[in-house]
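The values are calculated or read from the model by the stated rules, or taken from the named source; none is laboratory data. On a predicted model such as this, the values are computed, not experimentally measured, just so you know. Cβ: placed from backbone, ideal geometry, glycine included. Neighbour counts: every protein chain shown. These accessible areas exclude ligands, DNA and RNA; they are computed on the full protein's heavy atoms, side chains included. Shrake-Rupley method; radii C 1.70, N 1.55, O 1.52, S 1.80 Å.
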Amino acid sequence: MHQRPPEFFLRFFRWFCHPELLKHIEGDLMELYGERVHEAGKRKADIKFMIDVLLLFRPGIIRSPKRYHHLNSYGMYKSYFRVGWRSLLRNKGYSIINVSGLAVGIAVTMLIGMWMADELTFNTTHKNYDRIAQVYQHQSSNNEVLTTPNAPIPLGQELEASYKSDFKHIVRGWWNATHILSIEDKKTSKTGTFMDPAALEMFTFKMVQGDWSSLNDPASIVLSESTAKALFGDTDAIGKMIRIDNEIDVRVTGVFETFPQNSQFHSLQFLSTWEYWLSSSPWLKPDENNWMSNINVFVEIQPGSSFETVSSRIRDIKYSKITKDQAVLENPQLFLHPMSKWHLYSTWKNGVESGTIQFVWLFGAIGVFVLLLACINFMNLSTAQSERRSKEVGVRKTIGSLRRQLIYQFLTESFLVVVFSFLLAIAIVTVALPWFNELAGKDMDTLWTNPYFWAAGALFIVVTSLLSGSYPALYLSSIKPLKALKGILKADRSAALPRKVLVVFQFTVSIVLVVGTVIVWQQIQFGKDRPIGYTREGLIMIRKNVAEFWGKFDVIRNELKESGAVTDVAESSSPATEVWFTNSGFSWKGKDPNLHENFATVAVTHDYGKTMGWTFIQGRDYSREFSTDSSGVVLNESAARFMGFENPINEEISWSGKKFKIIGVIRDMIMESPYRAAKQTIFHLDYSTNVWINIRINPTMSTSQAVGKIEDVFQELLPSVPFDFKFTDQEYALKFASEERIGRLSTLFAVLAIFISCLGLFAMASFVAEQRKKEIGVRKILGASVAGLWRMLSFEFVSLVAISCAVGIPVSAYFLHQWLQKYEYRMEVSWWVFVATVAGAMLITLVTVSFQTIKAALVNPTKSLRSE
C-alpha cells in the first residue's frame, strides 16, 4: 500500500511554499520520504518529513504576500537580517547580556530536561519492564502498616502451582551482595546475586556470549563484560571454572553487557543460579510451613493482564498459610510493585508509596521557571533597547516603510538573538555535561542525535522569538513618525506595569529557590548533627562472607589487639549502619495482646558496646564476668519506651518462648535513615550467627598505618580471602547522598535564577534611566545631588523586590513546611532564614541597579537636555 506523509505537514508545506518552487521541492520530499519508509519504517520517515518541512520554512522558499508579489522577498528578508545583525553589533553590551542570559536559561532547562528524562526512563532498557514487578507485602507492625519487598520462601512454588496462568515468568532471587570470585590463586570481590534461570529472559539481558538459556545448568554463572575481562583478560571466559566464596564451583556459560546506570541492575557484575545458592544455604530450603522467612520474588505478568488484577488474586496467599493468630495480628497482604515504580516510588510510609518522583516534578517546574525568567529578561532588555530606536522608526516610516515591514524587522532581530542563544546553550550543555553528571550522579549523554530534541528546539526558537519580540515590534511600529522625529514621544505610564510585574515574578521565584536551598542544607546538617548513639570515626567493618572466617574470631581478635593497631574487636549480625533482621514473637509484662510487635534484633559478642562506643542510660554492658549474660539483653531507649517500662533493668521479656533479662538500656543507635525515628532494637549475646567483624582503630596510630597492620593480620590468618573492609563513617555518610545531591542541584538552580533575575533588574534600570534622562538633567540643574538621584532611581527597584519578598516568603514557608513533613526527624525553620534572604535580596538589588542609576546620575545635564 502506498504510504503518505503526515497530512497536516504536507498541507502546511503547500500553503507556505512559493508556487514556482512547490512542484520541484514537493517531488523531492515525496521521493525522499518513500526511500525512508522503505529503509527505516513509516514512523521514522514521518518524523524526518516533519523536520524537513520545518527547515524549509525560511526566506527564499516562503511565498510572497499577494499584494507585493512583485517585490523580491529574499532581498527584503536579507535586509532584515543585515539590519538586525548591525543592530546587535552596534549595541554589543546589551547583545551580550541578551544572548548570554537567554542561553543560560535554555542550557539550564536542557540539563534539567535530560535529568528528568533519565529519571523517568529508569529501567526502560528492560524490554518488558511495563509487565515486570516484584512481590511486596503490607503487614501490621507496631500499630502501623509496614511495607517490605520481602516474599516468603515457599511463595515461588505456590505461584507456579496455583497461579501459573497469571504469569509469563516467576523468578526467585537473593539480594545483591559482595562475593569472592576466584580462579586458582586469583581472587576478587564482585557484586552479584542468585536467581532462577528465567531471569535472563525476563530482564532481557543483552548477552555478548551465550544466550538466555545460559543458566539452565545449576552449576553455571554469567559474568558482566568488565568482570570477565578482570578475571580472564582477553582470554575467552566461556567454559572456565570459577569458585564463589571459596565454596561453590561453577562454570562460566555466558557474558552479558553491563546495564546502563539508570537500571536497577547497573551494579550487577555476575549472576548465578538460585538452585545452586539453595544447595549451599540449607537454611533456605523451601518449606511449605516456612512462610515467615523472606526472599525476592520477581514476576512478569501475561500480556493483557494488569498488576491490580493479579495483585487482588494473590493478596491473601500468605494470610491463608500462616496460623490464624499470626494472620489476625499481622494482616499480611501481598501485592505487585511494578518495575516502573521501583526507582521513583521506593519509599513507603504507613502503606503509602512515595519517593524521588516529587523531586522530578519539582525540578521540572524549576526548569520551566528558569527558562521563563530568561525570556522575561529578554523582553525587558529588548524593550529598553527599543525606546532608543523611536527616531529610527520615524525616519523609516517617513520614507515609506509599512508597519508590517517594521514588525518583521524587529521580529527578525528577536529571532537572531534567540538562535544565537540556542546555539550558545548547546555549547554550554556540551561543556558542562560531564560536570553536571558528576554533580547529579548520572551518566547522561547529549541529545544532539535525537530528532525530537531538534523539533522541540525549532519550536522553542519560533515561539520565543514571537513572544519576546512581539511587544517591541508592535509598540514601535505604532509610533507616529512626526512625534518621534520632534522628540516629543512619551511612553504611557501603564506600559511599565507589565515589566514591573515580570520583575516581581522573577524575584519571587528566586526568593523561593533561595529559601528552599537554605532549608534543604539545614535539614541535611540537622541530620548530620543528630546524636547517633555510637562513635563512627575510627571504626571499620569487615564482612565474613566465606567459610574460612568461621571459628577463628578469638584468634583474629587476639592477633589484632597484639598488633597495637586496634583497641577493641567485636562481632555482630548486622552492620552498624543497617538493620538486617527484624523479629516478632516478643512478650513482656503489660503488653497489649492485640499488638503485633516488631523489633530490630542484633546478635553481638562481648565488647560490642565498647567497640561501638555505646552510651548507657541505665544498667550495664555485657561482661564475661557474668555467666548469666547469655540470657541477658540490652535495649535501646526506643525499645524501652515502646515496652512501657519505667525501670526496665532486670525486667523479663520472652522471645519465642525463651526468657531474657534486661541488663542495660542505651541511647538510640541510629542504624537506618538519620531522618527517621530510631527503630526499637534488642541486642542479644550470640557467637554463632554473626557475619560482621567490627574493629576500633587505635586513636594514637594513623589510619593508614593501622589499616596496614590489620591487613597483615588478615592476610596471615586468612590468606585465601581478599582483605575487603568499609569505614563506618563513610557508609553512614551515604545515607545523606540523595539529600545532598538534591541540595547541590537546588543551589545551582538558585544561583542561576538569581543571576538571571539580576539581569532583569539591570534591564529595568537601563530602561528607566533611558526614559527619565531629561528629568534627571533638569533635577541636576536645579541642584539635585548624585546620592539623591541614586536614591530616587533605586527606590522603585527596591520596592519591587520588597513586593517579591512579601509574596515569596509565605509561599516558600508553606511548601517547605510540607516538604519537611516527610521526615520524622526534622528541623524547625528559623525566622533568620527569611530575614537573611530578604536582606540578601535587597543588597543584590542595590548592587545590580547601582551601575545604571549612578551612571545616569553622573551624565552631564546639558548633554542629556541637548539630546532631548
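List of remarks:
- Under a model in which nothing but the beta-carbon of Lys, Arg (+1) and Asp, Glu (-1) is charged, the stretch 631-767 shows a dipole of about 280 debye around its Cα centre.
- Neighbour net charge for I662 - beta-carbon separation under 9 angstrom, K R +1, D E -1: -1
- Considering only Cα atoms, the convex hull volume of the stretch 153-226 works out to 118 Å³ per residue.
- Value of D in µm² per second that Stokes-Einstein yields for the stretch 663-718, Kirkwood Rh from Cα pairs, at 20 °C (1.002 mPa s): 143 µm²/s
- Cross-link reach is defined here as a Cα-Cα straight distance under 12 Å, omitting same-chain residues fewer than 8 places apart; for K168 the aspartates and glutamates meeting it are E160, E201, E300.
- Column: log10 I(q)/I(0), Debye, Cα scatterers of the stretch 621-734, q = 0.18 Å⁻¹: -1.07
- Most positive-pole-ward Cα, L56, V135, I242, against dipole of the chain from beta carbon charges: L56
- Links that overshoot a 19 Å alpha carbon limit, given the list K349/K822; K349/K442; K186/K552; K186/K709; K349/K726: K349/K442; K186/K552; K186/K709; K349/K726
- Alpha carbon convex hull of the stretch 712-759, projected area averaged over orientations, nm²: 5.4 nm²
- Under the combined filter of DSSP loop state and at most 10 neighbouring Cβ atoms within 10 Å, the stretch 147-250 retains these GluC sites (Glu not before Pro): E184.
- Compared with the dominant Cα axis of the chain, that is its longest principal axis, helix 737-771 is turned about 10°.
- The charge dipole of the stretch 496-608, taken about its Cα centre with unit charges on the Cβ of Lys, Arg, Asp and Glu (plus for the first two, minus for the last two), comes to roughly 740 debye.
- Just so you know, the averaged projected area of the alpha carbon convex hull for the stretch 203-248 sits at 3.8 nm².
- Surface analysis of the stretch 138-204 yields an accessible area of 38 Å² per residue, using protein heavy atoms and a 1.4 Å probe.
- Taking a Cβ cut-off of under 11 Å around P434, the surrounding Lys, Arg, Asp and Glu residues balance to a net charge of -2, with basic ones at +1 and acidic ones at -1.
- Kirkwood-type radius of the stretch 232-286, with distances r between different C-alpha atoms, in Å: 13.3 Å
- Geometric descriptor of the stretch 87-174, per residue, is 206 Å³ (volume of the convex hull of the Cα atoms).
- Given charges at Cβ of Lys, Arg, Asp, Glu: the stretch 697-836 dipole, positive-most of N698, Q818, C805: C805
- Size of electric dipole in the stretch 129-232: Cβ of Lys, Arg +1 and of Asp, Glu -1, about Cα centre, debye, nearest 20: 260 debye
- The residues of the stretch 576-721 expose, per residue, 45 Å² of accessible area to a 1.4 Å probe.
- The relative contact order of the chain comes to 14 percent, based on Cα pairs under 8 Å that sit 6 or more residues apart.
- For the chain, the Kirkwood radius over C-alpha pairs fed into Stokes-Einstein at 4 °C and 1.567 mPa s yields D = 39 µm² per second.
- Hydrodynamic analysis of the stretch 716-804 uses the Kirkwood radius over alpha carbon pairs. Inserted into Stokes-Einstein at 37 °C and 0.692 mPa s, it gives a translational diffusion coefficient of 176 µm²/s.
- Share of carbon and sulfur in the accessible area of the chain stands at 57%, probe radius 1.4 Å.
- Rg(Cα) / (2.2 N^0.38 Å) computed for the stretch 117-260, rounded to two decimals: 1.21
- Computed over protein heavy atoms with a 1.4 Å probe, the accessible surface of the stretch 403-466 works out to 50 Å² per residue.
- With a cut-off of 10 Å between beta carbons, the residues surrounding L10 carry a summed charge of +1, where Lys and Arg count +1 and Asp and Glu -1.
- Think of the chain as having a plus end and a minus end, set by charges on the Cβ of Lys, Arg, Asp and Glu; of T193, Q409, Q680, Q409 sits farthest toward the positive end of this dipole.
- Structural size metrics of the stretch 187-276, computed from C-alpha coordinates, are Rg and Dmax of 11.8, 33 Å.
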